[in-house]
1. Which net charge results for the neighbourhood of residue 45, defined as the other residues with beta-carbon distances under 9 angstrom from its beta-carbon, given Lys and Arg at +1 and Asp and Glu at -1?
2. Going by accessible area, probe 1.4 Å, with all protein chains left in place, what is the ranking of 64, 74, 49, largest first?
Amino acid sequence: MKNKKAFKIADLLIALIESHREMLDILRKGFPHLPTTDKSFYKDAADTKRELHVSDSTLYRWRKEGLVDYTIMKGKIYYDTTSILKYRK
């Protein structure tokens, strides 16, 4: 009996995870600045500028051109480090 319950719980968890992923995909289409992966790590503009040795205007231009992923929380801009790593070269 335990195996049947465990199997049903596992199926339920898998269904919930798939449903969660589908909802995230829908949300991301409507809100493109949401993190693209669960492992994304966002840094503020000051840390990003310091790490990449770029100016405010460069970050602004990259944002406007869609070259970096970012989000705005409470009026502060945070950059996705996975998207800025390609500019470190």
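The values are calculated or read from the model by the stated rules, or taken from the named source; none is laboratory data. Note that this is a predicted model, so its numbers are computed, not measured. For neighbour counting, all protein chains shown are included, and Cβ atoms are generated from backbone atoms with ideal geometry for every residue, glycine included. Just so you know, the surface numbers come from the protein's heavy atoms only, side chains and all, with ligands and any DNA or RNA stripped out. Shrake-Rupley method; radii C 1.70, N 1.55, O 1.52, S 1.80 Å.
1. After counting each charged neighbour, the total is 0.
2. I get 74, 64, 49, largest accessible area first.
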